[in-house]
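Visitor: What follows is a single structure, and I will ask about it in a moment.
Please treat every number below as a calculation from the coordinates, not as lab data. Small disclaimer: the values here were computed from a predicted structure and weren't measured. For neighbour counting, all protein chains shown are included, and Cβ atoms are generated from backbone atoms with ideal geometry for every residue, glycine included.
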Amino acid sequence: MSNRPYIVGNWKMHGTRAMLAEARAIDRAAERLIKVEVALAPPSTLIHACRKEANLIGIGAQDCHPADGGAHTGDISAAMLKDAGAGFTIVGHSERRADHGETNVLVKQKAEAAIEAGMGAIVCVGETEEDRDAGKAEATVGEQLKASLPEGEAAAANVTVAYEPVWAIGTGRTPTPEDIAIMHRNIRAQLVEVYGEAGQEIRILYGGSVKPENAVELLSADDVGGALVGGASLTAESFLGIIIAAAGDDAE
Ligand SMILES: O=C[C@H](O)COP(=O)(O)O
C-alpha cells in the first residue's frame, strides 16, 4: 500500500466544461504536494477533457456497466471509460445503490469488469442511520463488503474500499474518529480474510462531509488511507484545502 494519503474528489452530477479550470488548478497544485495522491472522478462527459487538462492527478469514473458492450442504451462499459482516460472507477456508491437499486452482486460484477478492463475499482460501503441506531452498522458494512468485493488474481492489487456512512454524505455530520477507526478495523480484518496478506495493502478511504476544516481530524483516525470527497471537491479552493490538510508538514 502506498503510504501517501489518497484523496479522491467525486464530482457526482456536477460539471460542464466550465469546471475544467478547477481540474487544471488542482492538477497544478498537486505538483507541489507530492506526499498526497490526488484523483478526480468527474461526470463521464468530462473524463476525456479532464485527462487532457490534468497530467499529474488520477482521473476516474463514477460508475461502469458490468458488461463489455451490447444493447444497453445509455450505459458505458469499463473499457470505454478506460479508453476515454479513466484509470479507475467508483462502484457501489450509496447514491447508486439507493437511486438505481444496485445490489452487492451487481457492485461486485462492476468492480470485476473495471479490473478486467485494466482500471482500479473504488468499492463503496456504508450503513444508513437506521442501521447505526439499531447497532447494526458493522454487520451491514460487513455484509456489503463480503458480497461486493471483486474476486480474481488482480483484485487485491486494484481495489480500494471507501467507507461512507450514508447519513454523513452531504449532511455536514460525521462519525467520530473513534467510530471511523472501529469500522476501518473491521473492514481491514475482512480484507485480510478475503485476500490474505494482500488485504493489508488495500487502502480504506473515509467519505462523508469531509471539508478542509475537519480533514485533519478525520484523516487522523486509525487506518484511514485517504478520503472520498463530494461537495468539497467541486472547487479547487476547498479541495486543495483538504489536500493540504492531508499533506501535513509537506504542504509547501
Ligand atoms: O463520494 C463522495 C461522498 O458521497 C461524500 O460526499 P460529501 O463529501 O458531499 O458528503
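Visitor: List every residue whose amide H lies under 5 Å from the amide H of ALA41, counting only residues 5 or more places away in sequence or on a different chain, with H placed 1.01 Å from N in the peptide plane.
Guide: Under 5 Å from the amide H of ALA41 lie the amide H atoms of GLY9, ASN10, TRP11, GLY60, each far enough along the sequence or on another chain.
Visitor: Across segment 47-56, in residue order, what do the Karplus-derived ³J(HN,Hα) couplings come to in whole Hz, using 6.51 cos²θ - 1.76 cosθ + 1.60 with θ = phi - 60° and x for Gly and Pro?
Guide: My calculation for segment 47-56 gives 4, 4, 5, 4, 4, 6, 6, 10, 8, 9 Hz in order.
Visitor: Let me spell out the model: positive unit charges on the Cβ of Lys and Arg, negative unit charges on the Cβ of Asp and Glu, origin at the Cα centre of segment 144-249. What dipole size does that give, in debye rounded to 20?
Guide: Details: 6 positive and 14 negative charges, 56 e Å.
Rounded to the nearest 20 debye, it is 260 debye.
Visitor: Viscosity 1.002 mPa s, temperature 20 °C: what is the translational diffusion coefficient of segment 136-252 from Stokes-Einstein with a Kirkwood Rh over Cα pairs, rounded to a whole number of µm²/s? Numbers along the way, then the final one.
Guide: On the way: Rh = 14.8 Å.
In µm²/s, the coefficient rounds to 144.
Visitor: Please grab the % of Cα pairs in segment 27-179 that end up more than 17 Å from each other. It would help to have the intermediate numbers written out before the result.
Guide: Working: 7490 of 11628 pairs.
In whole percent, the long-distance tail amounts to 64.
Visitor: Once amide H atoms are built 1.01 Å from N in the peptide plane, which residues 5 or more positions from ILE122, or in another chain, come under 5 Å H to H?
Guide: Counting only residues 5 or more places away or on other chains, the set is THR89, ILE90, VAL91, THR160.
Visitor: Taking the Cα centre of the chain as origin, work out the dipole magnitude from +1 charges on Lys and Arg Cβ and -1 charges on Asp and Glu Cβ, in debye rounded to 20.
Guide: Numbers: 22 positive and 37 negative charges, 137 e Å.
That gives the chain a dipole magnitude of about 660 debye.
Visitor: While we're here: Taking every Cα atom in segment 21-105, find the radius of gyration and the maximum pairwise distance Dmax, and write them in Å.
Guide: 14.3, 45
Visitor: In whole Å, how far is the Cα centre of segment 90-109 from that of segment 134-201?
Guide: 15 Å
Visitor: What does the charge count near PRO66 come to, summing +1 for each Lys or Arg and -1 for each Asp or Glu among other residues with Cβ under 12 Å from its Cβ? It would help to have the intermediate numbers written out before the result.
Guide: Numbers: positive: LYS108, LYS110; negative: ASP63, ASP68, ASP75, GLU102, GLU112, GLU116.
Result for the neighbourhood of PRO66: -4.
Visitor: Considering the options SER148, GLN62, PRO43, tell which one lies farthest towards the positive end of the dipole of the chain, charges being +1 on Lys and Arg and -1 on Asp and Glu at the Cβ, about the Cα centre.
Guide: Farthest towards the positive end: PRO43.
Visitor: While we're here: Check each of the trypsin sites (Lys or Arg not before Pro) in segment 164-252 and keep only those in coil by DSSP with at most 14 other C-beta atoms within 10 angstrom; list them in order. Present the calculation step by step, with values, prior to reporting the outcome.
Guide: Working: sites: ARG173, ARG185, ARG188, ARG203; in loops: ARG173, ARG203.
Qualifying residues, ordered by number: ARG173.
Visitor: Once the other residues with Cβ under 14 Å from the Cβ of VAL194 are scored (Lys, Arg +1; Asp, Glu -1), what is the net sum?
Guide: On the way: positive: LYS108, LYS146, ARG188; negative: GLU112, GLU143, GLU151, GLU153, GLU193, GLU197, GLU201.
Residues close to VAL194 contribute a combined charge of -4.
Visitor: Normalising by the residue count of the chain, find the relative contact order in percent from Cα pairs under 8 Å and 6+ residues apart.
Guide: Values: 524 pairs, mean separation 53.5, N = 252.
Result for the chain is 21 percent.
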